[in-house]
Amino acid sequence: MDTIKHLFTATATARGGRNGHTEASDGSVKADLSVPKAMGGPGKPGTTTPEHLFAAGYAACYAGAIDFVAKQQKKDGSKVEVTADVTIGPREGGGFGLAVKRKRCTAHTLTAAGSVFT
């Protein structure tokens, strides 16, 4: 695996697992968590799930990558909107797995590589 030049590291701590609380070390993100009813949990109002947090971060990173490529091409990608689905479920071999799907991406025209063209 390639090594990367560390530009930024985000750190977060979770307590109480999926029915607990999580927050970033700098206080920028604070969220109460609960297992959704679809997974047999309480699905408490006003809470979120790790999958929601992952989906939001993935969508934001993907949109940021598109904006980066657009700027290299002297285009404006700042208005791109990305929607991501993060699904959790049991695996055939045991345990649980995550699936991530980029559901929607609005811009003028996008290629599979995420390049933006007008």
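FYI, it's all coordinate maths here, none of it is from the lab. Since we're looking at a predicted model, the values are computed, not measured. Don't worry about glycine lacking a Cβ; one is built from the backbone with ideal geometry, like all the others, and counts go over all protein chains shown.
Structural remarks
- Placing unit charges on the Cβ atoms only, positive for Lys and Arg and negative for Asp and Glu, gives the chain a dipole magnitude near 200 debye about its Cα centre.
- The C-alpha atoms of the chain define a longest principal axis, and helix 50-72 lies at about 10 degrees to it.
- Anisotropy class of the chain from Cα gyration tensor, a/c 1.5 cut: prolate
- Dipole check for the stretch 54-99: with +1 at the C-beta of Lys and Arg, -1 at the C-beta of Asp and Glu, and the Cα centre as origin, the magnitude is about 240 Debye.
- Across every pair of non-identical alpha carbons in the stretch 16-69, the mean reciprocal distance, once inverted, gives a Kirkwood radius of 12.4 Å.
- Calculated FRET efficiency for the pair Phe68/Thr3, C-beta based, R₀ 30 Å, to 0.05: 0.90
- Placing unit charges on the Cβ atoms of the charged side chains and taking the dipole of the chain about its Cα centre, the candidate lying farthest along the positive direction among Thr106, Ser25, Ser78 is Thr106.
- The charge dipole of the stretch 1-48, taken about its Cα centre with unit charges on the Cβ of Lys, Arg, Asp and Glu (plus for the first two, minus for the last two), comes to roughly 220 debye.
- Using 0.36 nm per residue and subtracting the Cα-Cα separation, the extra length available between Ala10 and Arg91 on full extension is 26.3 nm.
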